[in-house]
Amino acid sequence: MPLTGVVIVSVLIRNVLILSGSYNAFRGDILVEEGVFAGVGEVERDKSDVVIDGKNLAAVPGFVNAHTHAAMTLFRGYAEDMPLMEWLEKKIWPLEKKLKPGHVYAGTKLACLEMLKSGCTTFMDMYFNVEQIARAVEDCGMRACISSAFFDFFDKDLLEESIKRVKKEIEALRGRELIIPAVGPHAPYTVSLDGLRMSAELAEEKDALLHFHLAETEQEVKEFEKKNGKSVVRALEEIGFLNDRLVAAHSIWLSDEEMELLARRGVSVAHCPVSNMKLCSGVFRFRDMLKAGVNVCLGTDGAASNNSLSILEEMKFAALLQKIYWKDIEFKSEFVFKAATENGYRALKVKGGRIEEGHVADFALYDLNSVSFSPNHSLLANLVYSATNSVVYTFVNGKALIENGHFMGDAEKEIKIMEEAKKAAEDLCCKT
Ligand SMILES: [Zn+2]
């Protein structure tokens, strides 16, 4: 019986290899009812809408991509081998000025497809035209935190106009089933301190999250300090920006004291190793962040600086980068896996990230008969270091969005999404 296209209330997966909360693998059953895990282990249940034989499958919590710009899939491979500021100013921003709603929709849909096919169930986006992002997310069935992005470029009028727009956009996102609204001031070098203070106040007023680029490059941190006479983290603390609503992408150039302050304020950090390496931004201090008690998540950043949206790849790069840079052979796969799953859900204040009763049923089933999982001495090590594209099913909120390896079980639907995105990219990048 196909899982997609019909209303399914319960799914029972029999005898599947389950990755536990302590990262051991055990065989058991999984019962999903009304969007949550209703039973894990031995499940006594005769009737279920759908029963899946899990003999050759591994059940793994869904990944959270905690920092991306989904529609930037359209710019994949468009501008290579440039430093961040030059890349933004000469290539990315001029193209973004030409973005139309249809481009954002097509690019976001392609991003959803790519993420779902690599076992990612939830993402935190920051981009323009949130209505189009929300429409694409809802059409694909994913869970997403959508941040309404803005820059004020230190201009009072532009700030006022932007805050008005962001307020309206957040109100329009509120109450939509799998969407979490966020305020998205871009970065300290594009948004004034007034703009950041107003963002924090708006997030509080609207009970939304905050999404922001923090300390991505050494140059940006030094320039901020020169201009303001204090570090960016100190300035953010003074305006009440640091709190548990905030997900701060990158956060590379921070002192020990600043990390401890982020931890005390409950800030989550989205580490994006591939983008940081590709743009030569620096090396994130993962172990020190954990020691300070910061909730570290993983993100891909946009496809323009990655160029993939696979959290599987991100876990591998994150672990390898820490090992080689700090000569830390004991840096464990658990650290990156936890960052990619439960820490991501924690940042978004969603009870998820583990295959346990009561958690949201966001998970993927991987093919144990694929090369990546043969042999399977350690399910965790295979996921972090070996898995490529072995996803058979991806479930979000108890619904199968990938079935038999394809979006809604239908390869034709995927081709259509890719064709539409290619057309949008051509329209955007090739027309002058
Ligand atoms: Zn970013």
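In the range 56-80, what count of residues is obtained for those that are away from the ligand (no atom under 12 Å from the Cβ), crowded, with 23+ Cβ neighbours inside 10 Å, of a type in the set (A, V, I, L, M, F, W, C) and under 19 Å from A249 (Cβ atoms)? Residues flagged as away from the ligand (no atom under 12 Å from the Cβ), crowded, with 23+ Cβ neighbours inside 10 Å, of a type in the set (A, V, I, L, M, F, W, C) and under 19 Å from A249 (Cβ atoms) within the range 56-80 amount to 3.
Residues of the range 258-287 that are open to solvent by less than 10 Å² (accessible area, probe 1.4 Å), within 14 Å of the ligand (Cβ to nearest atom) and more than 13 Å from Q322 (Cβ to Cβ): V269, A270, C272, S275, S281.
Results for (1) assigned by TED's automatic domain parsing to the domain that holds D81; (2) within 16 Å of the ligand (Cβ to nearest atom); (3) farther than 26 Å from M72 by Cβ, shown as yes or no for each residue.
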residue: M289; (1), (2), (3): yes, no, no
residue: C297; (1), (2), (3): yes, yes, no
residue: A303; (1), (2), (3): yes, yes, no
residue: N306; (1), (2), (3): yes, yes, no
residue: S310; (1), (2), (3): yes, no, no
residue: D362; (1), (2), (3): no, no, no
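Reported count of residues in the range 115-166, each being in contact (Cβ under 8 Å) with a residue 60 or more places away in the chain and at positive phi, is 2. In the range 84-105, the residue that is farthest from E419 (Cα to Cα) out of those that are in a loop (DSSP other than H, G, I, E, B) and touching a helix residue (DSSP H, G or I) at 6+ places or on another chain (Cβ under 9 Å) is K98. If you go through the range 367-385 and keep only what is over 16 Å from Y23 (Cα atoms), open to solvent by 30 Å² or more (accessible area, probe 1.4 Å) and among the small types (G, A, S), you end up with just S374. Has the range 300-317 got at least one residue that is open to solvent by less than 50 Å² (accessible area, probe 1.4 Å), part of a loop (DSSP other than H, G, I, E, B) and at positive phi? For the range 300-317, residues open to solvent by less than 50 Å² (accessible area, probe 1.4 Å), part of a loop (DSSP other than H, G, I, E, B) and at positive phi: present. Among the residues here, L178 does not qualify as touching a residue at least 24 places away in the same chain (Cβ under 8 Å), open to solvent by less than 40 Å² (accessible area, probe 1.4 Å) and touching a Gly at 6+ places or on another chain (Cβ under 6 Å). Residue count for the range 379-404 satisfying the condition of being assigned to a loop (DSSP other than H, G, I, E, B) and either touching a residue at least 60 places away in the same chain (Cβ under 8 Å) or aliphatic (A, V, I, L, M) (or both): 5.
So, E96, is that one away from the ligand (no atom under 16 Å from the Cβ) and at pLDDT below 95 or not? So E96 fails the test. Among the residues making up the range 319-334, those that are in contact with a Phe, Trp or Tyr (Cβ under 7 Å, 6 or more places away or on another chain) and buried (at least 20 other Cβ atoms within 10 Å of the Cβ) are A319, Q322. Would you confirm, using the coordinates I've provided, whether F154 is surrounded by fewer than 20 Cβ atoms within 10 Å (Cβ to Cβ) and hydrophobic (A, V, I, L, M, F, W, C)? Judged against the criteria, F154 is a match.
In the range 344-366, is there at least one residue being open to solvent by less than 10 Å² (accessible area, probe 1.4 Å), of a type in the set (D, E, K, R), outside any strand (DSSP E or B) and in contact (Cβ under 8 Å) with a residue 24 or more places away in the chain? Yes, the conditions are met somewhere in the range 344-366. Residues of the range 107-149 that are within 16 Å of the ligand (Cβ to nearest atom) and either at pLDDT below 95 or in a strand (DSSP E or B) (or both): F123, M124, D125, M126, Y127, F128, A144, C145, I146, S147, S148, A149.
Inspect all residues belonging to the range 224-243 and state whether any of them is assigned to a loop (DSSP other than H, G, I, E, B), modelled with pLDDT of 95 or more and within 16 Å of the ligand (Cβ to nearest atom).
No, that holds for no residue.
Being among the small types (G, A, S), assigned by TED's automatic domain parsing to the domain that holds F153 and open to solvent by 20 Å² or more (accessible area, probe 1.4 Å) is a condition met by no residue of the range 194-212.
The values are calculated or read from the model by the stated rules, or taken from the named source; none is laboratory data. Please read all numbers here as calculations on a predicted model, not as lab measurements. Cβ coordinates were reconstructed from backbone atoms using ideal geometry, including for glycine residues, and neighbour counts include every protein chain displayed. In case anyone asks, the SASA skips ligands and DNA or RNA and just uses the protein heavy atoms, side chains included. Shrake-Rupley method; radii C 1.70, N 1.55, O 1.52, S 1.80 Å.
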